[in-house]
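Since the structure comes first, as structure tokens, the remarks are kept for the end.
Values in this text are rule-based calculations from the coordinates and carry no lab data. Note that the coordinates shown come from a computational prediction; the quantities given were computed from them, not determined experimentally. Note that we place each Cβ from the backbone using ideal geometry, even for glycine, and neighbour counts take in every protein chain shown.
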Amino acid sequence: MKMEEVSMSSLDNSKLEGVAQDILSDLVEDACLGVCFEVHRAVKQGYFFLDDTDQESMREFEIVDQPGLDVFGQVYNQWKNKECVCPNCSRSIAASRFAPHLEKCLGMGRNSSRIANRRIVTGGNNTNNKSESDQEDNDDVNDNDWSYGAEKKAKKRKSDKVFAHSLKQPILLVRLYMFGNIAFVHISMKAVHHQGTKIVLGSFLTRQFKKNNPPHKNHKDTHTQ
Amino acid sequence: MNKDSQMRAAINQKLIEMGERERLKELLRAKLVECGWKDQMKAQCKDVIREKGLEHVTVEDLVVEITPKGRALVPDSVKKELLQRIRAFLAQHSTL
């Protein structure tokens with residue numbers, strides 16, 4: 001059929017509406033046929049009834065809609081208030097906090113080494129990022145003749161934090177850089193002006209130093225009061 | 001009347017050429033699935049199959065049984081939306 005130029009503006013709106021309706025009914029019929037073909041193929045290929053289950057199973061696995069239960073019928077806050085005893089520190093911990101506590105307690109989780117090191121830093125000791133290198137340095141320090149209480153440092157590591165808190169006076173936090181066997185102490189300029197400032201170096205050291213200490217094998221520059 | 005049928009043919013041709021008919025078909029299918037019409041149809045098919053027997057059901061059986069029900073069960077909202085789009089298309093392309 002030759003396509004003639006037909007102006008639709010001359011047509012009634014009703015005709016246009018009729019055309020639209022026809023187009024719609026064509027589309028709907030296409031959809032219905034589509035369903036029929038799909039179903040027929042499923043029947044002949046044998047997968048049409050696959051998702052059917054018998055009544056009994058349906059009842060068994062029905063969705064549960066009761067208060068206090070989840071959709072499977074399980075009680076979901078059963079262990080909210082229970083407490084567990086930590087095998088490491090023998091403390092009683094709430095169940096929901098148990099896993100993170102174990103992480104910190106055993107020193108095995110993702111963040112536990114960071115937290116442990118933070119504690120060490122706030123104790124006024126090291127700025128090393130890895131606790132392993134701390135221990136390495138300790139070993140090196142112990143090898144030397146003059147190890148200014150390094151043994152005490154190694155042993156009393158745990159009590160650092162406790163010690164720092166128990167002083168109850170303003171503590172000057174000092175950075176101790178370990179470079180090989182030599183420790184450098186960095187103290188800000190402000191601090192030097194304070195009279196009678198005790199320089200606390202870990203738990204093994206609360207001494208007042210005199211200026212210009214004679215250099216030792218383990219050379220630690222410290223300022224005095 | 002000839003003009004009419006010519007006009008319809010022209011419109012249909014334009015619909016197909018511009019890809020609008022495909023888009024409308026997809027849109028209708030999506031809407032019918034969304035509103036649950038397809039599941040209803042499948043349930044109807046199950047009845048027909050049980051009636052005619054699983055082994056012997058033919059496409060014709062299904063078509064004859066399903067199509068009139070299908071037409072009737074399309075929700076009005078879906079019909080309205082499709083009609084809107086069709087009218088818009090017709091209005092846009094009124095001069096062929």
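Residues in segment B:44-60 include none that are under 13 Å from the mean Cα position of the chain (by Cα), more than 7 Å from chain A (Cβ to nearest Cβ) and free of Cβ contacts under 8 Å to residues at least 24 places away in the same chain. The one condition from (1) part of a helix (DSSP H, G or I); (2) surrounded by fewer than 11 Cβ atoms within 10 Å (Cβ to Cβ) that B:Glu55 does not meet is (1).
Residue check: is B:Leu83 closer than 24 Å to B:Leu15 by Cβ, surrounded by 14 or more Cβ atoms within 10 Å (Cβ to Cβ) and either out of contact with any Cys (no Cβ under 9 Å at 6 or more places or on another chain) or hydrophobic (A, V, I, L, M, F, W, C) (or both)? Yes; evaluated as a whole, the condition is true for this residue. The set of residues in segment A:54-93 being in contact with a strand residue (DSSP E or B) (Cβ under 9 Å, 6 or more places away or on another chain) and part of a loop (DSSP other than H, G, I, E, B) consists of A:Gly68, A:Tyr76, A:Lys80, A:Asn81, A:Lys82, A:Cys86, A:Arg91. Do we have any residue at all in segment B:24-36 that's assigned to a helix (DSSP H, G or I), of a type outside the set (S, T, N, Q), within 7 Å of another protein chain (Cβ to nearest Cβ) and under 16 Å from A:Phe48 (Cβ atoms)? Within segment B:24-36, not a single residue is assigned to a helix (DSSP H, G or I), of a type outside the set (S, T, N, Q), within 7 Å of another protein chain (Cβ to nearest Cβ) and under 16 Å from A:Phe48 (Cβ atoms). In the set A:Ser25, A:Ser96, A:Ser14, only one residue is in a helix (DSSP H, G or I) and touching a residue at least 12 places away in the same chain (Cβ under 8 Å); that residue is A:Ser96.
Which members of segment B:1-20 meet the condition of being at the interface with chain A (Cβ under 8 Å from one of its Cβ atoms), free of Cβ contacts under 8 Å to residues at least 24 places away in the same chain and not polar (S, T, N, Q)?
Step one: of segment B:1-20, the residues at the interface with chain A (Cβ under 8 Å from one of its Cβ atoms) are B:3-4, B:6-13, B:15.
Those still in the list that are free of Cβ contacts under 8 Å to residues at least 24 places away in the same chain too: B:3-4, B:6-9, B:12-13.
Across segment B:1-20, the qualifying residues are B:Lys3, B:Asp4, B:Met7, B:Arg8, B:Ala9.
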